[in-house]
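Single-structure report; data block below.
The values are calculated or read from the model by the stated rules, or taken from the named source; none is laboratory data. Remember, it's a predicted structure, so these values are computed and weren't measured experimentally. Here the Cβ is made from the backbone with ideal geometry for all residues, glycine too, and neighbour counts use every protein chain on show. Accessible surface is based on the protein model in full, side chains and every heavy atom, while ligands, DNA and RNA are left aside. Shrake-Rupley method; radii C 1.70, N 1.55, O 1.52, S 1.80 Å.
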Amino acid sequence: MRSSACATLITLVFGVAAAWFVAAYSKKTKGFIDSILTLPMILPPTVVGFFLLLIFGKNGFIGGLLEKFNIEIIFSWAAIVIAASVVSFPLMYRTVRAAFEQIDSNILDAARVLGASEFRLFYKVAVPVAWPGIAAGTILSFARSLGEFGATLMVAGNIPGRTQTIPVAIFFAAESGEMDKAYLWVALIFIISLIVMVLMNYWSGFQAKLLFRPRGKL
């Protein structure tokens with residue numbers, strides 16, 4: 001839960017920034033940039049984990065640099081957060097990007113005419129208008145990071161009390177025949193996932209009421 005919460009926070013910051021950038025970007029390379037940012041959602045999690053090993057391993061660009069400061073990412077708690085952040089990023093990015101693209105351009109142009117800077121336009125106009133999409137992306141990203149398995153196993157392994165997540169614990173408990181433990185973990189993640197989905201459905205209903213509420217009642 002702690003690693004999922006941290007991953008969701010990281011995904012929120014970078015996902016909203018990337019969504020705002022791409023939504024406002026109009027050059028021919030927009031499709032290519034969008035594909036790169038969405039790729040972790042399409043690739044098998046083990047492939048994502050393999051790429052993370054290449055980047056954060058001792059011989060990787062970032063891993064080699066961090067090793068000079070005696071910092072190791074692989075098989076640490078930080079590796080869980082990084083893996084969960086990468087695989088859940090596309091859900092946040094695409095949901096928030098769609099919310100930004102639905103903002104009436106006349107509202108943004110009016111703010112610019114009134115002298116608002118691009119940064120002020122972002123946090124004073126765009127974020128408040130798109131906040132239902134941002135909230136939905138946050139819930140989806142948390143659910144995805146909570147269920148992450150393949151990439152996490154590749155970069156963090158299974159060290160009880162250190163890098164063991166609920167999905168990884170279920171896999172190894174079932175593999176070793178400890179079915180009572182596996183049932184317990186499955187029940188826990190089932191309840192958490194159900195709560196997240198119920199919140200998501202209530203949130204969708206709330207959004208629909210906001211969109212179709214009569215203007216006279218605002």
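Which one of Leu54, Leu39 is without any contact (Cβ under 8 Å) to a residue 24 or more places away in the chain, open to solvent by 50 Å² or more (accessible area, probe 1.4 Å) and part of a helix (DSSP H, G or I)?
Working: Leu39 fails: without any contact (Cβ under 8 Å) to a residue 24 or more places away in the chain.
Being without any contact (Cβ under 8 Å) to a residue 24 or more places away in the chain, open to solvent by 50 Å² or more (accessible area, probe 1.4 Å) and part of a helix (DSSP H, G or I) holds for just one of Leu54, Leu39, which is Leu54.
Got at least one residue in the stretch 119-135 being open to solvent by 70 Å² or more (accessible area, probe 1.4 Å), more than 24 Å from the chain's Cα centre (by Cα) and not small (Gly, Ala, Ser)? Among the residues of the stretch 119-135, at least one is open to solvent by 70 Å² or more (accessible area, probe 1.4 Å), more than 24 Å from the chain's Cα centre (by Cα) and not small (Gly, Ala, Ser), which makes the answer yes. All told, Ile74 meets the bar of being open to solvent by less than 40 Å² (accessible area, probe 1.4 Å) and touching a residue at least 60 places away in the same chain (Cβ under 8 Å). Residue count for the stretch 67-113 satisfying the condition of being closer than 28 Å to Phe51 by Cβ, at pLDDT below 85 and outside any loop (DSSP other than H, G, I, E, B): 1.
To keep it simple, each residue is scored yes or no on (1) touching a residue at least 24 places away in the same chain (Cβ under 8 Å); (2) part of a helix (DSSP H, G or I); (3) open to solvent by 90 Å² or more (accessible area, probe 1.4 Å).
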{"position": "Met154", "(1), (2), (3)": "yes, yes, no"}
{"position": "Thr163", "(1), (2), (3)": "yes, no, no"}
{"position": "Pro167", "(1), (2), (3)": "no, yes, no"}
{"position": "Gly177", "(1), (2), (3)": "no, no, no"}
{"position": "Ala182", "(1), (2), (3)": "no, yes, no"}
{"position": "Ile189", "(1), (2), (3)": "yes, yes, no"}
{"position": "Ile192", "(1), (2), (3)": "yes, yes, no"}
{"position": "Met197", "(1), (2), (3)": "yes, yes, yes"}
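Restricting attention to the stretch 16-36, and to residues there that are aromatic (Phe, Trp, Tyr) and without any contact (Cβ under 8 Å) to a residue 40 or more places away in the chain, which single residue is least open to solvent (accessible area, probe 1.4 Å)? Selected residue: Tyr25.
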